[in-house]
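**Q** Here it is, the structure, as structure tokens.
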Amino acid sequence: MTEITRRRLLGGVLVGAAVPIIGSGCGEDKSPVLAPPPKRVAKEFKNEDFYGADGKFDAAKAKEAYYYLMNCHSFPIMPVLKTDAFWVLDFGLGKFTEVGMAGIFYINDQRDDYLLHDIWLLPGQMIPEHYHVKTDKVAAKMEAWLVRHGTDYFGSEGDPTPGVEDIIPPSHKDCAKARHMVLKGPGELVKLEVAESRHWQKAGPEGAIVTEVATYHDMAALRFSHPQIKL
């Protein structure tokens, strides 16, 4: 894979606006940090480990993988993360280690229009490209992401970033339109600047634990670029 340096990728939010860099990045960054550097995830996950003989996605095994990720980053496994409120997805593509995620909505309030959401990604795992449209009930969702642990690539619409083709997984080469990309580490923020713009995330080799703050999330307003995705 083409080496992509943090110097090239840091220093922008989605669609190019700037935010302060407040945390560390990947590897041995010797600059001052407010959070410890990302920890390597030693375990190698195989896609077949998450599917039964019938090809059905095994959510329980997926959750165990995310608990392992949490332990690697000393992230507390709170009681709520052992309930059905903590969910996992393979997006119906059967390629969980390539395209998948875990998440929990701590709150998703339509009346007052705000959301608090945590996201977990295994090393190299992608949240597929998507966007949020305006409907008769809600405005287009706006959101921002704070990387808590690990590293995370954020893709958006805009000028293509050199090396982005090496980051987008094979399942999305033909359908993903977002080619502008930034890489963020612990304590660093990314904000979606343009409503209804397409965006995606993909974890680095350390995996990623990300907190999202946003306006109300309406499933009816969610659109994916990949035509075969199922929720």
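Read-outs: derived from the displayed coordinates by stated rules, not from any lab. What you are looking at is a predicted structure, and each value in this text was computed from that prediction instead of being measured. Cβ sites come from the backbone with ideal geometry, for glycine too, and all protein chains shown count toward neighbours.
**Q** How do 87, 145, 120 rank when sorted from fewest to most other Cβ atoms within 10 Å of their own Cβ? Before the final figure, lay out the partial values.
**A** On the way: 87 14, 145 25, 120 30.
Ordered from fewest to most neighbouring Cβ atoms within 10 Å, 87, 145, 120 come out as 87, 145, 120.
**Q** Which peptide among 189-196, 218-225 comes first, and what is the full order, when sorted by highest mean count of other Cβ atoms within 10 Å?
**A** Values: 189-196: 18.1, 218-225: 14.0.
Answer by packing, highest mean first, reads 189-196, 218-225.
**Q** May I pose another question? Looking at region 92-159, which trypsin sites (Lys or Arg not before Pro) are DSSP coil and have at most 13 other C-beta atoms within 10 Å of their C-beta?
**A** Working: sites: 95, 111, 134, 137, 141, 148; in loops: 95, 111, 134, 137, 141.
Within region 92-159, the qualifying trypsin sites (Lys or Arg not before Pro) (loop, at most 13 other Cβ atoms within 10 Å) are 111, 134, 137.
**Q** Right, something else. Can you tell me the Rg and Dmax of region 100-230, counting just the alpha carbons, in angstroms?
**A** My reading of the Cα-based Rg and Dmax gives 14.0, 42 Å.
**Q** Going by average Cβ density within 10 Å per residue, which order do the peptides 72-78, 48-54, 99-105 take, highest to lowest? Intermediate results must be reported in sequence, preceding the final value.
**A** On the way: 72-78: 14.0, 48-54: 11.9, 99-105: 20.7.
Taking the mean over residues of other Cβ atoms within 10 Å, the ranking is 99-105, 72-78, 48-54.
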